[in-house]
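Worksheet: the structure to be examined is printed underneath.
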């Protein structure tokens, strides 16, 4: 992920390509009036801004001007852009995935399975970093990724568009293949540690799981995602015959 530490440069990116900005760090010690335009533009573009000690900025860049912006390797799109691009949506929501290797692997599987778009929360989620790009084996270039302020509201939004929301967890209400994935669908995968958050879980129409027969009590989220993703692809392929 590129770091931009000049006030004028960050201002220009906010004006021209705000969806490329993953996050902006501002100095706590600097006068807020200095960053008024940055704050206004960030608010309009829904770009996360975090105030941090000056020392934190020093660690990010030795030549900063009280500001450091993390610029993604790929520009984000809007959720509406993804929904409008297809008549039979196949979306993936990721609830606070923080490991770049996991996100990259999920993106790689998603691209191979024909997913129309991935949706990430603004906070508590790894951004589209260089590590994610490499882990995706270049698939990130081909997949649309949206970033939303509130994942639950985004789930409510896709439901209004007729999508079924299916959550993946170890203890589900059925098996991963026990759903008609030829319908408009949004799959939801939780974080590496705690899985789906409770409020996210409540907004799922079904919670499905993959039964495990070994000694390990859970699958890596990227591995579980691949199983679900290719079940969707399998059902849709056979439905066309």
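General observations
- Any hit, the stretch 75-83, residues being at pLDDT below 90 and more than 15 Å from residue 189 (Cα to Cα): yes
- Residue ID - surrounded by the fewest Cβ atoms within 10 Å (Cβ to Cβ), chosen from residues in the stretch 155-170 that are in a helix (DSSP H, G or I) and out of contact with any helix residue (DSSP H, G or I) (no Cβ under 8 Å at 6 or more places or on another chain): 160
- Scanning the stretch 174-190 for residues that are closer than 16 Å to residue 152 by Cα and either in contact with a strand residue (DSSP E or B) (Cβ under 6 Å, 6 or more places away or on another chain) or surrounded by fewer than 19 Cβ atoms within 10 Å (Cβ to Cβ) (or both) yields 185, 186, 187, 188, 189.
- Any hit, the stretch 95-112, residues being out of contact with any helix residue (DSSP H, G or I) (no Cβ under 8 Å at 6 or more places or on another chain) and buried (at least 22 other Cβ atoms within 10 Å of the Cβ): no
- Any chance residue 152 is modelled with pLDDT of 95 or more, assigned to a helix (DSSP H, G or I) and not assigned by TED's automatic domain parsing to the domain that holds residue 42: yes
- Unique residue being without any contact (Cβ under 8 Å) to a residue 40 or more places away in the chain, closer than 21 Å to residue 146 by Cβ and not assigned by TED's automatic domain parsing to the domain that holds residue 145 when the list is 52, 47: 47
- Given (1) in contact with a helix residue (DSSP H, G or I) (Cβ under 8 Å, 6 or more places away or on another chain); (2) surrounded by fewer than 16 Cβ atoms within 10 Å (Cβ to Cβ), number of the condition residue 18 does not satisfy: (2)
- Any hit, the stretch 130-150, residues being in contact (Cβ under 8 Å) with a residue 40 or more places away in the chain, over 17 Å from residue 20 (Cα atoms) and surrounded by fewer than 18 Cβ atoms within 10 Å (Cβ to Cβ): no
- Count - residues of the stretch 198-215 that are over 15 Å from residue 179 (Cβ atoms) and surrounded by 18 or more Cβ atoms within 10 Å (Cβ to Cβ): 2
- Filter result (under 21 Å from the mean Cα position of the chain (by Cα) and in a loop (DSSP other than H, G, I, E, B)) within the stretch 171-205: 184, 190, 192, 193, 194, 196, 197, 203, 204, 205
- Residue list for the stretch 156-201, restricted to those being more than 17 Å from residue 91 (Cα to Cα) and free of Cβ contacts under 8 Å to residues at least 12 places away in the same chain: 193, 194, 198
- For the stretch 132-144, the criterion of being in a strand (DSSP E or B) and closer than 30 Å to residue 235 by Cβ is met by no residue.
- Any chance residue 39 is more than 30 Å from residue 166 (Cα to Cα) and buried (at least 18 other Cβ atoms within 10 Å of the Cβ): no
The values are calculated or read from the model by the stated rules, or taken from the named source; none is laboratory data. Owing to the predicted nature of the structure, the values given are computational and were not obtained by experimental measurement. So basically every Cβ, Gly included, is an ideal-geometry build from the backbone, and we count neighbours across all protein chains shown.
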